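Working notes, structure below.
Just so it is clear, none of the values below were taken in a lab; they were calculated from the coordinates. Being a predicted model, the structure only gives us computed values, none of them experimental. All Cβ positions, even for glycine, are placed from backbone atoms using ideal geometry, and neighbour counts span all protein chains on display.
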Amino acid sequence: MSSEKWTVTFQVFRKKAETPGYYDDFKLEVDPDEYVLDGVERVWAFHDRTVTFRHACHHSTCGACGMRVNGVEKLTCITPIREVTHNGGVVRVEPLRNFPVVSDLAVDMGKFYTQMDDVKHAAVTPDVKEAIQPEKRPAGPVSDGLEFPRLSDCIECGLCISACPISASSPDYMGPAVLAGAQQHGISGDAGLLCLVDSEDGAWRCHSAFECSAVCPSFVEPGWRIMDLRRQIVAERIKNMFGGANDKNKPVEVAK
Ligand code: SF4
């Protein structure tokens, strides 16, 4: 943190139930090295307790505090105010796009979480699950230098879906994070997953805008993963054309 002080205007999107949205302005004195989420919390704590927003871990692991900040998707707990405005400037905070707004800055991510389950995305990698069992935890720090291993890379923040132009125009499109989850899991030999992603609203709907990769705070590169998923789909189709390697296609052994 610096000893510098800036006066900035937080322009907060407000919307309750079916009412039309509007913006409320709050003037704040901030340290420019504070994060945008700190500013939103200060608005709530000292100006208006009815402002609704999602937040939890404050260190880019839970993915809860995603918002649009001056028109760009950001994880607000790791976005310094200095990065998005200047002294005397405006910080406009809005809810993520392409999700239903529940209240003000909070969106409903229920459908997205269900889709992540559908493609078998593991929020915690199996070896992390092993490692965090006290009796199985290694004595020293694990290989990435952290005392405790962090979650696998996609934090399910939804920023990529908000930034995706196809999600905006095709509400049934599975979206970047979900398709990236399927790619990470792998579709080889999984007919159900192949059927899900090899569809009109699956991997072929993407128009390669790569806005998803540009905003992802966890370097998942969903755009590139969708391209790789297409490669996996084509490989599966060819494999299946020649008899396939799925268990269901293996020759049945006849008992003698
Ligand atoms: S792929 Fe990246 S931007 Fe999309 S939900 Fe996962 S972490 Fe967030």
Revision key, fill the gap. Projected onto the charge dipole of segment 6-107 (unit charges on the beta-carbon of Lys, Arg, Asp and Glu, signs +1, +1, -1, -1), the Cα from Leu28, Leu75, Ala106 with the largest positive-side position is that of Ala106
Revision key, fill the gap. A correct fewest-to-most ranking of Glu34, Glu94 by other Cβ atoms within 10 Å would be Glu34, Glu94
Review point. How big is Rg to Rh over segment 6-107, alpha-carbon atoms, Rh as the Kirkwood inverse-mean-distance radius?
Key: 0.93
Review point. Can you work out ³J(HN,Hα) from phi for every residue in segment 174-187, in order, using Karplus 6.51 cos²θ - 1.76 cosθ + 1.60 and θ = phi - 60°, giving whole Hz and x for Gly and Pro?
Key: 5, x, x, 5, 5, 5, 5, x, 5, 5, 5, 5, x, 9
Review point. Using alpha-carbon pairs under 8 Å, 6+ residues apart, how would you state the relative contact order of segment 1-110 in percent?
Key: 32
**Study point:** Sorted by Cβ neighbour density within 10 Å, fewest at the top, the residues Ile78, Ile238
**Key:** Ile238, Ile78
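What is the magnitude of the charge dipole of segment 6-107 about its Cα centre, with +1 placed on the Cβ of each Lys and Arg, -1 on the Cβ of each Asp and Glu, and no other charges, expressed in debye to the nearest 20? Kindly include the intermediate steps, with their values, before the conclusion.
On the way: 12 positive and 14 negative charges, 67 e Å.
The dipole of segment 6-107 has a size of about 320 debye.
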Check your understanding: Mind listing the phi-derived Karplus ³J(HN,Hα) values for segment 166-171, rounded to whole Hz, using 6.51, -1.76 and 1.60 with θ = phi - 60°, and x for any glycine or proline?
Key -> 6, 4, 6, 9, 10, x
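Where Lys and Arg each count +1 and Asp and Glu each count -1, what net charge lies around Asp33 among other residues with Cβ under 12 Å from its Cβ? Show your work: numbers first, answer last.
On the way: positive: Lys5, Arg82; negative: Glu4, Asp31, Glu34, Asp38, Glu83.
Neighbourhood net charge equals -3.
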